[in-house]
Amino acid sequence: MPLSSNRSFRRRIRPAGAGLPGWILCVLLALLFVQPVCAEEAVEYIDIRNPFLRKIPTAVPLFKNVSGGERGGMLSRRLADILAQTLAFTGYFEILDRQAFLADPRNPAVLGANIRFRNWTTIGAELLITGTVRLSGDMLETELRLFDSFKEDLIIGKRYKGVEADHVRMIRRFCGDIMLHLTGDRGVFESRIAFVSASGDKKEIYTCDFDGGGPAAVTFKNSISRYPAWSSDAAYLAFTSYQKGKPDLYIQRLADKKEIVVDRRGFQITPAWVPGKFQLAAAMSFSGDQEIYLLTGEGKIINRLTKSRGIDVSPTWSPDGKLLAFVSRRSGTPQIYIKDMASERVRRLTFEGRYNTEPSWSPKGDRIAYSSQQDGRLDIHTIDVEGRNPMRLTQNQGDNESPSWSPDGSLIAFSSTREGPSRIYVMTAFGTDQRRLLTLPGEQMDPKWSPNATEN
Amino acid sequence: MPKKMWMLLALLVIVPGLLLTTSCAKKVVQSEEAVEEVEAPEEAVVEEPAEEDTAAMEAARIAEEAAAQEEAARQWEMAAEEELEEQRLAEEAAKRAAEQRAAEAAKQMLETEDIYFEFDSAVLLPVARAVLDRKAKWLFQNWEESVIIEGHCDERGTAAYNIALGDRRAESVKNYLVDIGIDASRMTTISYGEERPVDPGHNEEAWAKNRRVHFVVE
């Protein structure tokens with residue numbers, strides 16, 4: 001159809017003797033036909049190819065204190081702040097400064113019908129979140145709404161009821177709803193991070209919220225404990241401890257702190273749970289050689305997974321549990337290899353650099369993060385599972401080690417000495433937005449991000 | 001008048017003299033009795049009392065002297081033997097102390113002489129073999145002792161890999177000793193990776209000191 005109209009146009013224009021303008025007109029007309037098709041596609045808020053390239057400008061004004069009273073007023077401000085910080089943590093959103101808002105904060109419009117969306121589009125806010133807070137005694141009821149301000153559409157509206165003490169959980173639940181809508185994944189808000197905190201010559205295992213809040217010790221062994229690993233249901237933590245004088249494997253049930261110890265001669269280190277199963281891989285040296293074994297969740301050896309003389313350590317599973325990446329020195333320097341569990345074939349993944357260790361398989365399944373030592377410095381890299389498209393994420397920032405992916409594969413936690421003592425940092429999967437997660441006395445290291453199954 | 005004086009004088013001299021001589025005779029009688037108790041020959045007393053008394057006295061005196069001499073000799077011998085014994089004990093103690101010092105020194109050397117490695121390597125260097133031969137000798141001589149063989153790394157590299165590397169170094173040393181003939185059950189390996197450096201420095205000198213295997217007597 002467009003072709004024939006172009007031809008008729010050309011016939012009309014040619015007698016006038018103007019060939020080039022005619023072509024331009026044709027192209028413009030073609031575009032006219034193409035555009036309406038675009039307008040009918042779903043709006044993509046987040047570009048999955050590089051989601052952090054452009055953050056979505058988002059406005060989170062103070063919530064409306066419906067019940068009145070001072071406590072309600074303080075809570076309205078606090079909930080809005082927590083919501084803003086939680087969204088900012090993901091790296092997808094640019095939270096706009098409230099100073100720039102045009103709307104009157106004293107009488108916030110909450111319902112779509114009352115909102116003057118021009119107040120928000122003028123300052124560039126593409127997303128708007130409004131909330132109400134109704135506090136009666138200990139009970140809190142909050143309504144939260146997410147709007148597309150340019151389309152003037154309500155995207156999600158939810159009401160949460162519970163005790164006031166649960167207000168953070170409510171906010172996190174709503175953020176999960178937002179992420180589910182925008183990305184198809186609930187995000188990281190229900191997850192925790194295990195890590196090691198060192199004080200003097202003692203190292204203990206700790207856990208904290210995904211954003212570094214509420215750190216608490218898990219081990220009190222007054223010894224060296226390291227390499228925590230979460231089971232798929234986040235109910236167990238496996239780790240190595242020198243409590244009995246040598247590096248043994250401990251499997252602790254977090255609910256009642258009961259422990260099973262695997263203390264064969266030699267070492268037991270770097271546990272890695274098989275996704276969806278009560279089994280884990282670990283590196284052990286009781287045979288006189290350093291190999292990776294598969295164990296039950298109770299610590300009984302099922303079979304040996306690596307069969308090569310020389311160091312084999314640091315296993316990490318693909319999300320479907322069918323592939324295992326690990327570190328091996330079989331070619332002369334520490335490199336990362338992948339074993340297919342079904343065919344038992346092993347292939348080498350990393351070929352750049354002479355020291356590649358600490359692999360971590362993304363829960364998305366497509367990439368593996370690891371640390372690489374070059375010129376005496378350690379940096380975090382990622383590479384796809386075929387060994388192509390390597391990406392370097394840190395540079396000239398001290399030593400950066402032990403990467404661990406968030407459960408939705410969007411963020412990476414790691415340890416870094418960029419500020420002097422070793423601390424835990426978080427960055428996006430593309431290496432942007434690098435920031436410190438938390439600060440405790442001494443040094444922190446060995447971060448391990450839990451699956452999303454934890455109860456906050 | 002002078003005659004009376006002379007008579008008085010004579011009396012003065014004679015009477016005490018008589019008194020004295022009689023008392024001496026009494027003493028002789030006592031010693032005779034003593035000798036009789038010990039070993040006085042009866043014949044001497046019976047036949048000629050005056051002459052025999054003197055002879056018996058003489059014999060008794062000789063016997064007594066002999067006995068005393070024997071006793072003295074015996075005492076001296078005992079004293080000499082005691083002193084010898086003391087000397088012997090002192091020598092033995094000194095010898096034992098010296099042996100103990102030597103043993104402590106050998107044990108100390110076993111525990112202070114570490115074996116060093118190159119970066120990312122568990123290969124025994126030539127100088128390490130001499131050190132290990134000394135340790136093997138100690139282990140042969142102290143056949144009832146057991147040792148812990150610790151493997152360590154420098155801070156470079158990553159922690160988990162370094163535990164494996166430390167383990168490899170300790171096993172390397174243990175295998176060498178097993179090959180020499182030390183029973184494997186007497187040696188336990190433990191890897192500390194980079195957790196226990198002896199030198200906290202961040203330079204090649206410190207790192208070289210930390211890449212080591214260390215012995216501890218159990």
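Starting from the Cα of A:Gln395, step 7 Å along the direction of its Cβ; do the same at B:Ala206; then give the gap between the two resulting points in nm.
2.8
Roughly how big is region A:56-183's charge dipole about its Cα centre, with Cβ charges of +1 (Lys, Arg) and -1 (Asp, Glu), in debye to the nearest 20? If you can, show how the numbers build up before the last one.
On the way: 17 positive and 15 negative charges, 44 e Å.
Dipole of region A:56-183, to the nearest 20 debye: 220 debye.
Between A:Phe220 and A:Arg265, take the C-beta separation as r, use R0 = 22 Å, and let me know the FRET efficiency to the nearest 0.05. Please list the in-between numbers first.
On the way: r = 26 Å, r/R0 = 1.18.
Computed FRET efficiency for A:Phe220 and A:Arg265: 0.25.
Label points 7 Å out from Cα along the Cβ direction at B:Gln100 and B:Gln75: separation in nm?
It works out to 3.7 nm between the two label points.
Using label points projected 7 Å from each Cα along Cα→Cβ, tell me how many nm separate B:Ile180 and B:Arg129, to one decimal.
Taking the two extended label points, one gets 1.2 nm.
With a ≥ b ≥ c the root eigenvalues of the C-alpha gyration tensor of region B:115-217, is it rounded (a/c under 1.5), prolate (a/b larger than b/c) or oblate?
Numbers: a/c = 2.13, a/b = 1.87, b/c = 1.14.
Prolate is the answer for region B:115-217, as a/c is 1.5 or above and a/b outweighs b/c.
Averaged over B:152-160, how many beta carbons belonging to a partner chain fall within 10 Å of each residue's beta carbon?
Values: counts 0, 0, 0, 1, 6, 7, 15, 13, 15.
That works out to 6 on average.
Compute the signed sum of charges (Lys and Arg +1, Asp and Glu -1) over the other residues within less than 13 Å, Cβ to Cβ, of B:Glu99. Please report the intermediate quantities before stating the final value.
On the way: positive: B:Lys95, B:Arg96, B:Arg101, B:Lys107; negative: B:Glu91, B:Glu92, B:Glu104.
Neighbourhood net charge equals +1.
Find out how many positive minus negative residues lie around A:Ser416, taking Lys and Arg as positive, Asp and Glu as negative, among other residues whose Cβ is under 12 Å from that of A:Ser416.
Details: positive: A:Arg377, A:Arg418, A:Arg423, A:Arg435, A:Arg436; negative: A:Asp379, A:Asp399, A:Glu401, A:Glu419, A:Glu443.
In short, 0.
Counting only other chains, and only Cβ atoms inside 10 Å, what mean value do you get across the residues of B:163-173?
Details: counts 13, 18, 5, 2, 12, 7, 0, 2, 5, 0, 0.
Mean partner shielding for this stretch: 6.
May I ask which residue of A:Cys175, A:Gly266, A:Ile292 lies farthest towards the positive end of the charge dipole of the protein assembly as shown, with charges of +1 (Lys, Arg) and -1 (Asp, Glu) on Cβ and the Cα centre as origin?
Sorting the options by dipole projection puts first A:Cys175.
Would you list which aspartates and glutamates come within 13 Å of B:Lys107, measuring only between C-alpha atoms, while excluding same-chain residues fewer than 8 positions from it?
Result set, ordered by chain and number: B:Glu99, B:Glu145, B:Glu218.
Tell me which DSSP H helices of chain A clear both cut-offs, 15 Å or more of axial length from alpha-carbon atoms and a mean Kyte-Doolittle hydropathy of at least 0.5. Don't skip to the end; give the middle numbers.
Details: long enough: A:2-13 (16 Å, -1.20); A:19-39 (31 Å, 2.04); A:70-90 (31 Å, 0.13); A:167-183 (24 Å, 0.32).
Sorted by number, the helices that extend far enough and score high enough are A:19-39.
Please work out how much length the chain gains when fully extended from B:Ile14 to B:Ser146, using 0.36 nm per residue of separation minus the C-alpha to C-alpha distance, in nm with one decimal. Walk me through the numbers before you get to the answer.
On the way: separation 132, 0.36 × 132 = 47.52 nm, distance 9.91 nm.
Gain on stretching B:Ile14 to B:Ser146: 37.6 nm.
Once the dipole of region B:115-217 is set up with Lys and Arg at +1 and Asp and Glu at -1 on Cβ about the Cα centre, which of B:Ala208, B:Ile149, B:Asn162 lies farthest towards its positive end?
B:Ile149
State the answer as a single residue: which of A:Ala255, A:Pro105, A:Gln397 lies farthest towards the positive end of the charge dipole of chain A, with beta carbon charges of +1 for Lys and Arg and -1 for Asp and Glu, about the Cα centre.
My answer, from the dipole projection, is A:Gln397.
Could you give the size of the charge dipole of region A:192-449 about its Cα centre, using +1 on the Cβ of each K and R and -1 on the Cβ of each D and E, expressed in debye and rounded to the nearest 20? All intermediate terms of the calculation are to be shown ahead of the outcome.
Numbers: 35 positive and 30 negative charges, 134 e Å.
Charge dipole of region A:192-449: 640 debye, to the nearest 20.
Under the 0.36 nm per residue contour assumption, what length would be gained going from the current alpha-carbon distance of A:Glu344 and A:Asn114 to full extension? Show your work: numbers first, answer last.
Values: separation 230, 0.36 × 230 = 82.80 nm, distance 6.32 nm.
Stretched out fully, the A:Glu344 to A:Asn114 stretch lengthens by 76.5 nm.
Please get the size of the charge dipole for the protein assembly as shown, origin at its Cα centre, with Cβ charges of +1 on Lys and Arg and -1 on Asp and Glu, quoted in debye to the nearest 20.
Numbers: 85 positive and 100 negative charges, 1787 e Å.
Magnitude of the dipole: close to 8580 debye.
Could you tell me the distance between the Cα centroids of region A:168-190 and region A:141-164, to the nearest Å?
Taking the Cα centre of region A:141-164 as reference, the centre of region A:168-190 is 13 Å away.
What whole number of Å gives the distance from the Cα centroid of region A:349-406 to the Cα centroid of region A:70-90?
36
Rule-based calculations on the coordinates, nothing more; no lab input. Just so it is clear, the structure is predicted and the values come from calculations on it, not from any experiment. Note that each Cβ is placed from the backbone with ideal geometry, even for glycine, and that neighbours are counted across all protein chains shown.
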